[in-house]
Each structure stands twice: as C-alpha cells, then as structure tokens.
Amino acid sequence: MSVLRNLEAKLGGLVEGAFGRAFKTNVQPVELAHKLAKEMEENQMASVSRVYVPNHYRVFLSPADREQFASYEPALRKELSDYLLEHARQERLALTSRPQVEFHTDDRLDLGEFGIQAQLLSPPEEEAPADAPAPSAGDFGHTMVYTPAGDARLLEPKDERGQALLVGGGRRNVLSGRRVVVGRSRDCDVVVNDPNVSRRHVEIRREDDGWMLADLGSTNGVRVNGRRVERAPLRSGDRITIGVTDLTFELE
C-alpha cells in the first residue's frame, strides 16, 4: 500500500468518528498530505552528498475551516508528520529533523482554500554546498495557495507592521516603540527570568518593512525557529529561543 493510501486508510477510520464531524468543509486531510509532499519535493536543497528537503511546514486555513477542526489538530499534525517522514524515506530525501506541521488562520483565504509555506531549518554546515547561501531563519519563502478547483497561486505576504507581541511563560508583552530590549536585567523592556539569559540578550526593532531581531552579544546566543542567528527578520508565529526560554513573536 502506498504511503498516501495508507494515510488515507488511517484517517478514514477517524472520519467515521470525530473527524467525520470535523471535516465537513472542502479542505480534506488527504489533500493536505498530497500538497505538503508536493511542496517538500519542490523545495529541495542539494548538498555535497544529499538532497535536503524542508522539515518545517505552515498550513494556512480560512477562519471557517480552521474553526471546524481546530480541536483535532494534534492528531492531524501527527499523521501529516508521519506521512512526510515516510515520504522522504521512500524518495531518499534527507531531513535535518522530523517534519513539523503547524496550522494558522488567514482571513484572506476562502472556504476550502489552504496555503502552505515550507522551510528547511538548519542544514548541517558540512553538507551545505559552498556556493549556496544559508537559508534565512526568518524566511518561510513563498506561500502556495491551493483551491478546491485544483488551482494554485502565490499568496502575497501580509503587511506585518501591526502591533507586535512576545508571548511566553503565561505573559503577553506588547512591544511598544521602535526598539525593545529583551533580557534578564530589570532595566530591559521585556524581562526574562532565566539564568541562561544574558542581562541584555536580544533587541527587536521595528523597521520600515517589518520587524528585525538582533543578538546583543549574548553568552548563549539566539535561535529563531531552531536556527541560531545574529540577525533575522521576524514574522508572526516565529519561535525565539533565548537561554532555555521560548518566546513566540505575534502580530495583531
């Protein structure tokens, strides 16, 4: 049995139960799996000895689609991750980690439409081709939108100059002004109580075309979506790790 048919069979059992109530829209789990695999194959990076494919995927849904099966997302994320992992093995494509699938809402999408962004996080430095630039930590590339009719189009990026927040540890910190310093010191704009965080660890700046993160020479460094960076543009949903603390950058 093919990987896709195996996934379809597994989800078929769920459709008779909880998923039968959830998926009464035009967005179907098997179609998501098919298009995720398509994005995996179309976003390859050839190295010295391997062909790497994305290991981080964002799926964007219309508000109505997202609402109808939001409570079933954990089960669906796992099934889609399992499918992508097996698909990569069968096609002999390399992954730097287990595929991760996230769901987000985009009010620009109509019922039945969905968008996919794919990113390769942290390819091994010794495997990266010498003449190829490293993937941008904050760049999930283009977003392909698929419609019920089978059409595909590019989705233009949202204007991400709205109110920004850092969410983590049960707190939602609004980033006011054009420059926000995050660290352990009480003098910082956002204080993080983590002994592994430097007193002034990282700065987040509002620029004309969006938000930018910059390491302030911290001891333990900064990671965005799992990749260590010194500077990186930020997009809504990006995960910032300082010390052992994870913060989520959000835009409203």
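The values are calculated or read from the model by the stated rules, or taken from the named source; none is laboratory data. Bear in mind that the values here come from a model prediction, so they are computed numbers and not experimental data. Positions of Cβ are backbone-derived with ideal geometry, glycine not excepted, and every protein chain shown enters the neighbour counts. Quick note on the areas: whole protein, heavy atoms, side chains included, nothing else; ligands and nucleic acids left out. Shrake-Rupley method; radii C 1.70, N 1.55, O 1.52, S 1.80 Å.
When the residues of the range 74-124 are filtered to those that are assigned to a helix (DSSP H, G or I) and polar (S, T, N, Q), which remaining residue is farthest from the chain's Cα centre (by Cα)?
Taking the range 74-124 as the starting set, the residues that turn out to be assigned to a helix (DSSP H, G or I) are 74-90.
Remaining after also requiring polar (S, T, N, Q): 81, 90.
On the way: 81: 13, 90: 24 Å.
Among those residues, the one meeting the criterion is 90.
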How many residues are in contact with a Lys or Arg (Cβ under 8 Å, 6 or more places away or on another chain) and surrounded by fewer than 16 Cβ atoms within 10 Å (Cβ to Cβ) when one looks only at the range 241-252? 2
Return the total of residues in the range 44-73 being buried (at least 17 other Cβ atoms within 10 Å of the Cβ), of a type in the set (A, V, I, L, M, F, W, C) and in a helix (DSSP H, G or I). 1
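For the range 165-222, which fully contained strands (runs of 3 or more DSSP E) count at least 3 residues that are touching a residue at least 24 places away in the same chain (Cβ under 8 Å)?
The qualifying strands (runs of 3 or more DSSP E) are 179-183, 202-207, 210-215.
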Across the range 203-252, the tally of residues that are of a type in the set (Asp, Glu) and within 14 Å of residue 166 (Cβ to Cβ) stands at 5
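Looking at 208, 194, 215 in this structure, which one is farther than 24 Å from residue 96 by Cα, open to solvent by 20 Å² or more (accessible area, probe 1.4 Å), modelled with pLDDT of 90 or more and of a type in the set (D, E, K, R)? If you could, list the steps in order and put the result at the bottom.
Details: 208 fails: modelled with pLDDT of 90 or more; 194 fails: open to solvent by 20 Å² or more (accessible area, probe 1.4 Å).
Result of the check over 208, 194, 215: 215.
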Considering only the range 96-114, state which residues are surrounded by 14 or more Cβ atoms within 10 Å (Cβ to Cβ), of a type outside the set (D, E, K, R) and either under 20 Å from residue 239 (Cα atoms) or free of Cβ contacts under 8 Å to residues at least 24 places away in the same chain (or both). 96, 99, 100, 101, 103, 105
Evaluate the following for residue 126: is it at pLDDT below 85 and open to solvent by 30 Å² or more (accessible area, probe 1.4 Å)? yes
State all residues of the range 223-240 that are more than 22 Å from residue 105 (Cβ to Cβ), open to solvent by 30 Å² or more (accessible area, probe 1.4 Å) and not in a loop (DSSP other than H, G, I, E, B); if no residue qualifies, say none. 223, 227, 228, 231
